[in-house]
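Heads up, the thing below is written out as structure tokens.
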Amino acid sequence: MRMWFARIFGTTGNQMLMVAVGWQMYELTGSAWDLGLVGLYQFAPALLLTLVAGHVADRVHRGRIIAGCLVTQAAVAMILVAATEGWQIGEVHHSWASRELLLAVSVMLGVARAFQMPAQQALTPVLVPPAMLPRAMAFSSAGMQTAVIGGPALGGVIFVAGATAVYATCAFLFAAGCVLIAVLRYDHVPPPREPVTLRTLLAGVEFVWQRKALLGAVSLDLFAVLLGGATALLPMFAKDILHVGPWGLGLLRAAPAAGALLISAVLTRWPLERRVGPTMLSAVALYGVCMMVFGLSTSFVLSLLVLAVSGGADMVSVVVRQTLVQIETPNEMRGRVSAVNSVFIGASNQLGEFESGATAALLGPVGSVVAGGVGTLLVAAAWFRLFPSLSQRDKMV
């Protein structure tokens, strides 16, 4: 439970942080391109550090890696507190928060996440027996989605008091998560020392490439969310299309997680036992349809509804993918395989935010989201034929 609560605190803080950074960036620049750059600057370090982070997660105490990453994120939050607060000269307030600073801290967050995600994913299977892993993954995802719901909503409410209040709250949450991880105990057996070679670093990539069902599952998430994600553009939809303020942005960010939480609770009670492959692919197709409807919607209520459905569909895909990865990977390789999985997740999220910002600069936010939804549908249809070992997969094990 310590691990579960630590992940909730860390994820809540991260979600609040990204809501505040996105809104502050859009207020400073009014640019869809800059909103996309926030995602790109987080993804680049994750891509560059993937092989190293996976190797470290298989060599070093995973709890200590996570704690160090949470400390780094707390430091970022405090930097943003100081930058936004600025200084007062007479009646004039001066702030050194800028586009460049927000992009710089995005890089720092990317570095922290590069090491945190593989260590976090690889630690969960060590804490539960293999037979309980599908339920544990769904329960873990339920906690994560609770944080993803509460984080943006709480961030939007606190933002009324200013960005400084949001960043200070984030720092507290990261510190609390770090304390919980620091006192977590599990049996860590250091692996035998062996030279670090290119082959050992690439072992995770080779492992996934040789198992086509895993390759299909992780690449499906990459391309579907890369094309269909709309998170980076939510500030534009909230402000310019749906005409709601920071509180509305918080609800829009939380809506997918609300749907995901509901589905994760269902999967915790009734885990998928049959037709897991076709179910995953159908869920991705539903996600694409939801993104198309969201892009065309001018109703705040309808937008919240379809985002919630998209989150539920995405949760089905997440649980199937993560369970397949952990069940088929031996513990001594989980760090490196989880690092590969993390790159796909990061590419679909952070790089997807950049893609959304770039296409929105060309097509506008509505055109960007609708085109992405169509692309997601085409990917789901293509994966049915390209990865028969996934589309025909009946059971997890």
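The values are calculated or read from the model by the stated rules, or taken from the named source; none is laboratory data. Source: prediction; values computed, not measured. Please note: Cβ atoms are built from the backbone with ideal geometry, for glycine as well, and neighbour counts cover all protein chains shown.
Looking only at the stretch 219-251, count how many residues are at pLDDT 80 or above, over 19 Å from residue 311 (Cβ atoms) and assigned to a loop (DSSP other than H, G, I, E, B). Walk me through how you get there before you give the answer.
Our first condition is that a residue be at pLDDT 80 or above; within the stretch 219-251, this holds for 219-220, 233-244, 248-249, 251.
Narrowing the set further to residues that are over 19 Å from residue 311 (Cβ atoms) leaves 219, 236, 239-241, 243.
Okay, now just the ones that are also assigned to a loop (DSSP other than H, G, I, E, B), so 243.
Here the count works out to 1.
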**Asked** What do you reckon, is residue 80 crowded, with 23+ Cβ neighbours inside 10 Å and modelled with pLDDT of 80 or more?
**Response** yes
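Examine the stretch 288-299 for a residue that is hydroxyl-bearing (Ser, Thr, Tyr), part of a helix (DSSP H, G or I) and in contact (Cβ under 8 Å) with a residue 24 or more places away in the chain, and state whether such a residue exists.
Filtering the stretch 288-299 down to residues hydroxyl-bearing (Ser, Thr, Tyr) leaves 297-299.
Okay, now just the ones that are also part of a helix (DSSP H, G or I), so none.
There is no residue in the stretch 288-299 that is hydroxyl-bearing (Ser, Thr, Tyr), part of a helix (DSSP H, G or I) and in contact (Cβ under 8 Å) with a residue 24 or more places away in the chain.
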